[in-house]
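Here is the structure we will look at, set down as structure tokens.
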Amino acid sequence: MRDTEPPMNDTPETRPTITVAARRQALSLVLAWTALPALLAAGAARAQAVGSPVPDIDLPDSTLPARKLSDLKGKVVYLDFWASWCGPCRQSFPWMAEMQKKYGARGLQVLAVNLDAKRADADEFLKQHPAGFALAFDAKGDSARRLAVKAMPTSLLIGTDGQVLMLHRGFRLDEREALEARLAAALGKGPP
């Protein structure tokens, strides 16, 4: 900030140039500073550790009869958090539908929780990328905060006993085989 009035010849040509890198750094600092209250409010929220019990979460507007994650105990659950703006989610949806179809009869329940603030955004995404598995819609993001979701998509593989078997962030097509192998192992058998 200047303490004095700008000179009369203050034109775009005479002003100091701010580089793109400097703008990005300033934006990063602003974003980090504005995110600080949310991080402090999250307090004890930590990513779920493999081998730990998954906290129970509500499943708002679920397409399943289950209204809480604990209602699915006894099944292997692939719990995925997604949003309409998430690029990798476009790739993960067909794979999750394939896994539900392939392993559903063996006890797998794929459940994707949408975190869009506006349900219309999620519905628009679903018109282009049909699910083929169970959905829940959490516009407030309570479930994501409770499970310390930090990236889209974030997936947890949960065993029949409610223990976290795997935590996975992101989705790439070259990961499909390894992820399927984890699902099959959790179901106690190899691929069909």
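The values are calculated or read from the model by the stated rules, or taken from the named source; none is laboratory data. Predicted, not measured: the structure shown is a model, and the values here were computed from it. Side chains included, ligands, DNA and RNA excluded: accessible areas come from the protein's heavy atoms. Shrake-Rupley method; radii C 1.70, N 1.55, O 1.52, S 1.80 Å.
In the stretch 87-132, what percent of the accessible surface is made up of carbon and sulfur (1.4 Å probe, ligands and nucleic acids excluded)?
Carbon and sulfur together cover 52 percent of it.
When a/c reaches 1.5 or more, the comparison of a/b and b/c decides; with that in mind, is the stretch 79-152 rounded, prolate or oblate per its Cα gyration tensor?
Oblate is the answer for the stretch 79-152, as a/c is 1.5 or above yet b/c matches or exceeds a/b.
Just the number please: accessible area per residue for the stretch 132-192, 1.4 Å probe, all protein chains included, in Å².
Value returned for the stretch 132-192: 49 Å² of accessible area per residue.
Indicate the gyration tensor shape class of the stretch 106-192 (rounded, prolate or oblate), computed on the Cα atoms with a ≥ b ≥ c the square roots of the eigenvalues: a/c under 1.5 is rounded; otherwise a/b larger than b/c is prolate and the rest oblate.
prolate
If amide hydrogens are placed 1.01 Å from N in the peptide plane, which non-local residues have theirs closer than 5 Å to the one on Val113?
HN-HN under 5 Å from Val113: Asp80, Phe81, Trp82, Ala136.
Let me make sure I get this right: for the stretch 56-110, a, b and c are the square roots of the gyration tensor eigenvalues over alpha carbons, sorted descending. Under 1.5 in a/c it's rounded, otherwise prolate if a/b > b/c, else oblate. Which is it?
Judged from the Cα gyration tensor, the stretch 56-110 comes out oblate (a/c at least 1.5, b/c at or above a/b).
List the equivalent ellipsoid semi-axes of the stretch 80-119 in whole Å, largest first, each obtained as the square root of 5λ for an eigenvalue λ of the Cα gyration tensor.
The three semi-axes for the stretch 80-119 are 22, 11, 6 Å.
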